[in-house]
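One structure is given below, encoded as structure tokens.
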Amino acid sequence: MSYEWKCLNQLGEKPSARSGHSFNWVGAQKYLLYGGIEDGKNGKVQPDPDVYIMTLQGEKCTWYKEATNSAEKPWARAQHVAQVSPKTDKLFIFGGHHSPQTRLNDTWILHIKDLEWRRIGGEPAKDNAESEIGAPSPRANMGSCIFKGKVIIFGGHGGINYERKNFNDIFT
């Protein structure tokens with residue numbers, strides 16, 4: 001079997017160039033892009049809070065910038081965890097960087113059909129603070145997967161306050 005890369009033609013309102021974002025299959029021929037670091041309008045690199053849906057039909061992809069329907073929304077972030085539930089109706093978001101100094105440990109669910117955010121437990125995000133609901137320490141760049149309906153998170157780096165710690169712990 002041979003494999004090859006192809007650059008696809010992109011239509012619609014495509015996202016800016018970025019890194020540290022999440023990109024998940026959300027059913028049928030749809031994909032959801034969230035967050036990441038982009039070059040800001042002021043010339044500074046900054047996280048982006050936007051949600052995009054991309055449809056893929058053959059080699060044609062079309063982007064749609066989506067407006068979420070929530071009074072409360074997660075802080076913009078990059079290098080976070082994002083997993084789609086097995087039924088592909090909810091996107092789980094945890095942690096990441098809000099800035100080079102601010103690591104997060106808040107948990108959010110995006111209901112994909114309604115594009116509505118819901119924060120899971122505790123207080124709103126705080127800079128590098130311990131969780132009130134037993135979540136892992138603030139961190140970014142961790143690995144994750146879904147197994148038997150549970151999100152599993154391993155490792156990452158961050159810590160309470162301005163700690164610079166590498167983790168080898170595992171949470172579900």
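Can you tell me which residue in the range 120-167 is farthest from GLN79 (Cα to Cα), limited to those that are of a type in the set (Ser, Thr, Tyr) and within 18 Å of the chain's Cα centre (by Cα)? Before the answer, list the steps.
The initial filter retains those residues of the range 120-167 that are of a type in the set (Ser, Thr, Tyr), namely 131, 137, 144, 162.
Right, trim to within 18 Å of the chain's Cα centre (by Cα) and you get 137, 144.
Numbers: SER137: 15, SER144: 12 Å.
Per the criteria, the residue is SER137.
Considering only residues that are surrounded by 14 or more Cβ atoms within 10 Å (Cβ to Cβ), assigned to a strand (DSSP E or B) and at pLDDT below 95, which ones fall in the range 152-170?
HIS157, GLY158
What's the number of the condition GLY40 fails, among (1) in contact (Cβ under 8 Å) with a residue 24 or more places away in the chain; (2) small (Gly, Ala, Ser); (3) within 30 Å of ASN161 (Cα to Cα)?
Going through the list (1) in contact (Cβ under 8 Å) with a residue 24 or more places away in the chain; (2) small (Gly, Ala, Ser); (3) within 30 Å of ASN161 (Cα to Cα), GLY40 breaks only (1).
Identify all residues within the range 109-138 that are touching a His at 6+ places or on another chain (Cβ under 8 Å) and either farther than 18 Å from GLY35 by Cβ or aliphatic (A, V, I, L, M) (or both); write none if there are none.
The answer is ALA125, and nothing else.
The conditions are (1) within 23 Å of TRP25 (Cα to Cα); (2) out of contact with any strand residue (DSSP E or B) (no Cβ under 9 Å at 6 or more places or on another chain), and ILE109 fails exactly one of them. Which is it?
(2)
Of the residues GLN79, GLN83, GLN101, only one is touching a residue at least 24 places away in the same chain (Cβ under 8 Å) and out of contact with any strand residue (DSSP E or B) (no Cβ under 7 Å at 6 or more places or on another chain); which? Outline the logic, then answer.
Values: GLN79 fails: out of contact with any strand residue (DSSP E or B) (no Cβ under 7 Å at 6 or more places or on another chain); GLN83 fails: out of contact with any strand residue (DSSP E or B) (no Cβ under 7 Å at 6 or more places or on another chain).
The conditions single out GLN101.
Look through the range 12-39, keep the residues that are among the aliphatic types (A, V, I, L, M) and surrounded by fewer than 13 Cβ atoms within 10 Å (Cβ to Cβ), and return whichever of them is farthest from GLY96 (Cα to Cα). Quick ask: steps written out before the conclusion?
The first filter runs over the range 12-39 and keeps only residues among the aliphatic types (A, V, I, L, M), leaving 17, 26, 28, 32-33, 37.
Cutting the leftovers down to surrounded by fewer than 13 Cβ atoms within 10 Å (Cβ to Cβ) gives us 17, 28.
Working: ALA17: 19, ALA28: 28 Å.
Here the residue is ALA28.
For residues that are part of a strand (DSSP E or B) and open to solvent by 30 Å² or more (accessible area, probe 1.4 Å), scanning just the range 126-151, find the one that is farthest from PRO100 (Cα to Cα). Don't jump to the end; show me each part of the working.
First, pick out the residues of the range 126-151 that are part of a strand (DSSP E or B): 139-140, 143-147, 150-151.
Applying the additional criterion that residues be open to solvent by 30 Å² or more (accessible area, probe 1.4 Å) yields 143-147, 150.
Values: GLY143: 19, SER144: 22, CYS145: 25, ILE146: 28, PHE147: 31, LYS150: 29 Å.
Among residues in the range 126-151 that are part of a strand (DSSP E or B) and open to solvent by 30 Å² or more (accessible area, probe 1.4 Å), the one farthest from PRO100 (Cα to Cα) is PHE147.
Quick check on my filter: what residues within the range 66-110 are in a strand (DSSP E or B) and over 16 Å from VAL151 (Cα atoms)?
Filtering the range 66-110 down to residues in a strand (DSSP E or B) leaves 66, 78, 81-84, 90-97, 103-110.
Correct list: GLU66, ALA78, HIS97, ARG103, LEU104.
From the list LYS87, LYS65, which one is at pLDDT below 95, basic (Lys, Arg) and either out of contact with any helix residue (DSSP H, G or I) (no Cβ under 7 Å at 6 or more places or on another chain) or surrounded by 11 or more Cβ atoms within 10 Å (Cβ to Cβ) (or both)? Reasoning before the result, please.
Values: LYS65 fails: at pLDDT below 95.
Answer to the selection: LYS87.
The values are calculated or read from the model by the stated rules, or taken from the named source; none is laboratory data. Only a predicted model underlies this, so the values are computations on that prediction, with no experimental measurement involved. Quick reminder, even Gly has a Cβ in these numbers, built from the backbone with ideal geometry, and neighbours come from all protein chains shown. Accessible surface areas use protein heavy atoms only, side chains included; no ligands, DNA or RNA. Shrake-Rupley method; radii C 1.70, N 1.55, O 1.52, S 1.80 Å.
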